[in-house]
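What follows is a single structure, written as structure tokens, with notes after it.
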Amino acid sequence: MSTATRSLPRTIGAHAILLTYTAIALFPVILVIMNSFKSRAGIFGAPLTPPTPKTFDLIGYTTVIGQGDFIHYFQNSLVVTVASLFFVLLFGAMAAFALSEYRFRGNTMMGLYLALGIMIPIRLGTVAILQLMVASGLVNTLTALILVYTAQGLPLAVFILSEFMKQVSDDLKNAGRIDGLSEYTIFFRLVLPLVRPSMATVAVFTMIPIWNDLWFPLILAPSEETKTVTLGAQLFLGQFVTNWNAILAALSLAIMPVLILYVIFSRQLIRGITSGAVK
Amino acid sequence: MAADSRPKRPFRWHIGVFLAPAVLVYTAIMILPLAGTLQLSMFRNIEQSQVFVGLANFRTLFGDPNWSVGFWNALRNNTWFFIIHMLVQNPIGVMLAALLSSPRLRFAAFYRTAIFVPTILSFVIVGFAWKLILSPLWGVAPHLMDFVGLKSLFTPWLGKEQYALTALSLISVWQFVGIPMMLIYAALLSIPEEVIEAAECDGITGLSQFWKIKLPLILPSIGIISILTFVGNFNAFDLIYTAQGALAGPNYSTDILGTFLYRAFFGFQLQVGDPNMGAAIATMMFLIILGGVCVYLFLVQTRLRRYQF
């Protein structure tokens, strides 16, 4: 094609811009991880070079693992994220099924009511949420966080999942009804397995803000017992302002699990976004 | 159809069972506290009991200089924070998406994945990493600027009143540029081939194709991104808190509504926390966000043409 020759400079230009931006996006992450493996002299002497045998040092990591109770914080984060995710997906899918499958009075109103939470952030209710948790004795428990994150994740989950459940064939469900399956069996055995890909999308969307949240752990569960890894890292970093090895190591430890998960699930996440889940 | 022509069925309990857990949790943890917060903003703690004071808390918020200076400052900063996102984050996102969606581009998946990396990191990591990079102690930023001969322009941006907010906004832009990029990318991919081919037959290619054909088609997505940015920005807290602390220094120059709410609610240093004033600020944030959403729903969205393919 004649356009091929003309578009060569344009292709190079596109790659140049994208590469530049990729560098900007990755540079801070790489910089932090790279320097976390260096000695103090290495960090300040040559911050932009990768660790050499001369500057390689794990002192930061030994400090972090010795001082902070990171394994415990990690467990807390994991429990909160997994439990909230489970409830968001289960309750969200059930509600989405009810809204997309049955015609009943108030269906649209219920859908709008549940969609309200997509636009209005749950944070604005913090004052009353704290009072509620104090009254029910749930302050400084992981249950409080799980409840809040479940409520936070539900609106978007219901919205996205009901879009997908509308696409499940009616014939299949009706065939199940003729065979005498109950509505519950139809939902759990027929519909849920069919919408599994969209559940994965919702899971990723729900998981990232929960894992990264600082506001609610800070307010509802700041005790040593219930600290999440984000809050733990925040406090730890505040204490070690002058110990650069420890800070860089702690940051790297916080980055790496998320980064590994992201590399594993990025295909799923990006397919979820680009498949029109949030159009 | 068969289901509709049956005689009237008894109450369908399973609908209730399917809806109940989600509606209960959502109502109890989200809607009621939201309503409770709005209500609390009209009460005040006088002699250990909550007394209804009407709009007095709002009069304090706007009238008492102890509060109003902080509030207007936070609102102004927050608006600037939002403007930077709209002017920098979204255009860059659209540009990256347009480049990524060009046909037969190699390594598109790699770029997409890499550029989205900052978005998945927590504010704590982002805030601290940038604090280290911009720190004059470490010298990475001046060192890098030396490469392009701009070293003389370096100052400790996060520590200077006139630059700190802009610097933080740009850090936030750096983190979230992946979201507009992905959404616009999805919108661009959904434009059918025939439309593009028709444009090419008419000799519209390259940049003019983007401006004349693609941009009008992705306007609804740009609208959605704008409102998402608006809600996210007026609700932001974490980045400022991690990078500058609850006091949003230097001298409150990076204070936004989220940090202002946090200080009012929990207190800091000499000031005692006041849930009622906190609730009043949260109510103002609620009204601002609601206002933005309404403007979007009633003014913007209804005027945007949607094309069905």
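Working carefully through the options A:ILE219, A:ILE186, find the one that is closer than 23 Å to A:VAL258 by Cβ, open to solvent by less than 30 Å² (accessible area, probe 1.4 Å) and among the hydrophobic types (A, V, I, L, M, F, W, C).
Result: A:ILE219 is the single residue among A:ILE219, A:ILE186 that is closer than 23 Å to A:VAL258 by Cβ, open to solvent by less than 30 Å² (accessible area, probe 1.4 Å) and among the hydrophobic types (A, V, I, L, M, F, W, C).
Please specify each residue of segment B:40-49 satisfying the condition of being open to solvent by 30 Å² or more (accessible area, probe 1.4 Å) and touching a residue at least 24 places away in the same chain (Cβ under 8 Å).
B:PHE43, B:ARG44, B:ASN45, listed by residue number.
Yes or no, residue by residue, for (1) open to solvent by less than 30 Å² (accessible area, probe 1.4 Å); (2) within 8 Å of chain B (Cβ to nearest Cβ); (3) modelled with pLDDT of 90 or more:
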| residue | (1), (2), (3) |
| --- | --- |
| A:ASP69 | no, no, no |
| A:VAL79 | no, no, yes |
| A:ILE118 | no, no, no |
| A:ARG123 | no, yes, no |
| A:SER136 | no, no, yes |
| A:TYR149 | yes, no, yes |
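Look at segment B:158-170 and say how many of its residues are open to solvent by 60 Å² or more (accessible area, probe 1.4 Å) and not aliphatic (A, V, I, L, M). Full working, then the answer.
Within segment B:158-170, the first condition is being open to solvent by 60 Å² or more (accessible area, probe 1.4 Å), and the residues that meet it are B:160-163, B:170.
Then drop every residue that is not not aliphatic (A, V, I, L, M), which leaves B:160-163.
So the count comes out to 4.
Check whether at least one residue in segment A:197-214 is among the aliphatic types (A, V, I, L, M), surrounded by 14 or more Cβ atoms within 10 Å (Cβ to Cβ), in the same structural domain as A:SER266 (by TED's automatic domain parsing) and not in a helix (DSSP H, G or I), and report yes or no.
Going residue by residue through segment A:197-214, those that are among the aliphatic types (A, V, I, L, M) are A:199-200, A:202-204, A:207-208, A:210, A:214.
Still in the running and surrounded by 14 or more Cβ atoms within 10 Å (Cβ to Cβ): A:199-200, A:202-204, A:207-208, A:210, A:214.
Then drop every residue that is not in the same structural domain as A:SER266 (by TED's automatic domain parsing), which leaves A:199-200, A:202-204, A:207-208, A:210, A:214.
Keeping just the survivors that are not in a helix (DSSP H, G or I) gives A:214.
Yes.
So which residues in segment B:132-160 are more than 7 Å from chain A (Cβ to nearest Cβ) and modelled with pLDDT of 85 or more?
B:LEU134, the sole residue that qualifies.
Where residues in segment B:255-302 are aromatic (Phe, Trp, Tyr) and buried (at least 17 other Cβ atoms within 10 Å of the Cβ), which of them is farthest from B:VAL231 (Cα to Cα)? Reasoning before the result, please.
From segment B:255-302, those aromatic (Phe, Trp, Tyr) are B:260, B:262, B:265-266, B:268, B:286, B:296, B:298; that's our starting set.
Subsequent filtering for residues that are buried (at least 17 other Cβ atoms within 10 Å of the Cβ) retains B:260, B:262, B:265-266, B:286, B:296.
Values: B:PHE260: 17, B:TYR262: 18, B:PHE265: 21, B:PHE266: 23, B:PHE286: 10, B:TYR296: 11 Å.
Ranking the candidates gives B:PHE266 first.
Just a yes or no: is a residue in segment B:115-125 more than 7 Å from chain A (Cβ to nearest Cβ) and closer than 30 Å to A:THR11 by Cα? So that I can check it myself, show each step before the final result.
Of the residues in segment B:115-125, the ones more than 7 Å from chain A (Cβ to nearest Cβ) are B:116, B:119.
After this cut, where a residue has to be closer than 30 Å to A:THR11 by Cα as well, the list is B:116, B:119.
The answer is yes, given that some residue of segment B:115-125 is more than 7 Å from chain A (Cβ to nearest Cβ) and closer than 30 Å to A:THR11 by Cα.
Can you tell me which residues in segment B:188-223 are surrounded by 20 or more Cβ atoms within 10 Å (Cβ to Cβ) and modelled with pLDDT under 85?
None; the set is empty.
Which of the helices (runs of 4 or more DSSP H) found entirely inside segment B:224-299 contain at least 3 residues meeting this: touching a Ser or Thr at 6+ places or on another chain (Cβ under 6 Å) and over 27 Å from B:TRP130 (Cβ atoms)?
Working: elements: B:238-244, B:257-266, B:275-294.
Qualifying helices (runs of 4 or more DSSP H): B:275-294.
How many residues are open to solvent by less than 20 Å² (accessible area, probe 1.4 Å) and either in the same structural domain as A:ILE33 (by TED's automatic domain parsing) or farther than 19 Å from B:LEU132 by Cβ (or both) when one looks only at segment A:230-258?
Residues flagged as open to solvent by less than 20 Å² (accessible area, probe 1.4 Å) and either in the same structural domain as A:ILE33 (by TED's automatic domain parsing) or farther than 19 Å from B:LEU132 by Cβ (or both) within segment A:230-258 amount to 1.
Residues to consider are A:PHE44, A:PHE104; find the one that is in contact with a helix residue (DSSP H, G or I) (Cβ under 9 Å, 6 or more places away or on another chain), in a helix (DSSP H, G or I) and within 8 Å of another protein chain (Cβ to nearest Cβ).
Working: A:PHE104 fails: in a helix (DSSP H, G or I).
Sole residue among the options that is in contact with a helix residue (DSSP H, G or I) (Cβ under 9 Å, 6 or more places away or on another chain), in a helix (DSSP H, G or I) and within 8 Å of another protein chain (Cβ to nearest Cβ): A:PHE44.
Keeping to segment B:68-81, report how many residues are touching a residue at least 60 places away in the same chain (Cβ under 8 Å) and open to solvent by less than 40 Å² (accessible area, probe 1.4 Å). Spell out how you get there, then give the answer.
Here is the first cut: in segment B:68-81, the ones touching a residue at least 60 places away in the same chain (Cβ under 8 Å) are B:70-71, B:73-75, B:77-78, B:80-81.
After this cut, where a residue has to be open to solvent by less than 40 Å² (accessible area, probe 1.4 Å) as well, the list is B:70-71, B:73-75, B:77-78, B:81.
Within segment B:68-81, residues that are touching a residue at least 60 places away in the same chain (Cβ under 8 Å) and open to solvent by less than 40 Å² (accessible area, probe 1.4 Å) number 8.
Within segment B:56-67, can you find the residues that are surrounded by fewer than 18 Cβ atoms within 10 Å (Cβ to Cβ) and either in contact with a strand residue (DSSP E or B) (Cβ under 9 Å, 6 or more places away or on another chain) or not aromatic (Phe, Trp, Tyr) (or both)?
Within segment B:56-67, B:ALA56, B:ARG59, B:GLY63, B:ASP64, B:PRO65, B:ASN66 meet the criteria.
Kindly indicate whether A:SER275 is surrounded by fewer than 18 Cβ atoms within 10 Å (Cβ to Cβ), facing chain B (nearest Cβ under 9 Å) and modelled with pLDDT under 80.
Numbers: surrounded by fewer than 18 Cβ atoms within 10 Å (Cβ to Cβ): yes; facing chain B (nearest Cβ under 9 Å): yes; modelled with pLDDT under 80: yes.
For A:SER275, the condition - surrounded by fewer than 18 Cβ atoms within 10 Å (Cβ to Cβ), facing chain B (nearest Cβ under 9 Å) and modelled with pLDDT under 80 - is met.
Exactly one condition in (1) open to solvent by less than 20 Å² (accessible area, probe 1.4 Å); (2) of a type in the set (A, V, I, L, M); (3) under 30 Å from A:TYR184 (Cα atoms) is false for B:ILE31; which is it?
(1)
Against the conditions (1) more than 21 Å from the chain's Cα centre (by Cα); (2) over 19 Å from B:ILE171 (Cα atoms), where does B:ASN73 fall short? Just the number, please.
The number of the failed condition is (1).
Would you point out which residue out of A:TYR113, A:TYR102, A:TYR73, A:TYR149 is in contact with a Lys or Arg (Cβ under 6 Å, 6 or more places away or on another chain), of a type outside the set (D, E, K, R) and assigned by TED's automatic domain parsing to the domain that holds A:LEU237? Full working, then the answer.
On the way: A:TYR113 fails: in contact with a Lys or Arg (Cβ under 6 Å, 6 or more places away or on another chain); A:TYR102 fails: in contact with a Lys or Arg (Cβ under 6 Å, 6 or more places away or on another chain); A:TYR149 fails: in contact with a Lys or Arg (Cβ under 6 Å, 6 or more places away or on another chain).
None of the other options fit; the residue is A:TYR73.
Per-residue answers, yes or no, for (1) assigned to a helix (DSSP H, G or I); (2) more than 9 Å from chain B (Cβ to nearest Cβ):
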site: A:PRO222; (1), (2): no, yes
site: A:LEU231; (1), (2): yes, no
site: A:GLY238; (1), (2): yes, no
site: A:ASN245; (1), (2): yes, yes
site: A:ALA254; (1), (2): yes, no
site: A:PRO257; (1), (2): yes, yes
site: A:ILE260; (1), (2): yes, yes
site: A:VAL263; (1), (2): yes, no
site: A:SER266; (1), (2): yes, no
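Step by step: first the residues of segment B:91-128, then only those that are open to solvent by 10 Å² or more (accessible area, probe 1.4 Å) and of a type in the set (Ser, Thr, Tyr), then the one that is modelled with the lowest pLDDT. Which residue is that?
Residue satisfying both the conditions and the ranking: B:SER102.
Could you count how many residues in segment A:192-214 are within 15 Å of the chain's Cα centre (by Cα) and not polar (S, T, N, Q)?
Step one: filter segment A:192-214 for residues within 15 Å of the chain's Cα centre (by Cα), giving A:199-214.
Adding the requirement that they be not polar (S, T, N, Q) leaves A:199-200, A:202-205, A:207-211, A:213-214.
Counting residues in segment A:192-214 that are within 15 Å of the chain's Cα centre (by Cα) and not polar (S, T, N, Q) gives 13.
B:VAL53 - would you say it is touching a strand residue (DSSP E or B) at 6+ places or on another chain (Cβ under 8 Å) and at pLDDT below 90? If you could, list the steps in order and put the result at the bottom.
Details: touching a strand residue (DSSP E or B) at 6+ places or on another chain (Cβ under 8 Å): yes; at pLDDT below 90: yes.
Taking the combined requirement at face value, the residue satisfies it.
The values are calculated or read from the model by the stated rules, or taken from the named source; none is laboratory data. Predicted model, so just to flag it, every value in this text is computed and none were measured. Positions of Cβ are generated from backbone atoms using ideal geometry, with glycine treated the same way; all protein chains shown enter the neighbour counts. Areas reflect the complete protein model, heavy atoms only, side chains present, ligands, DNA and RNA absent. Shrake-Rupley method; radii C 1.70, N 1.55, O 1.52, S 1.80 Å.
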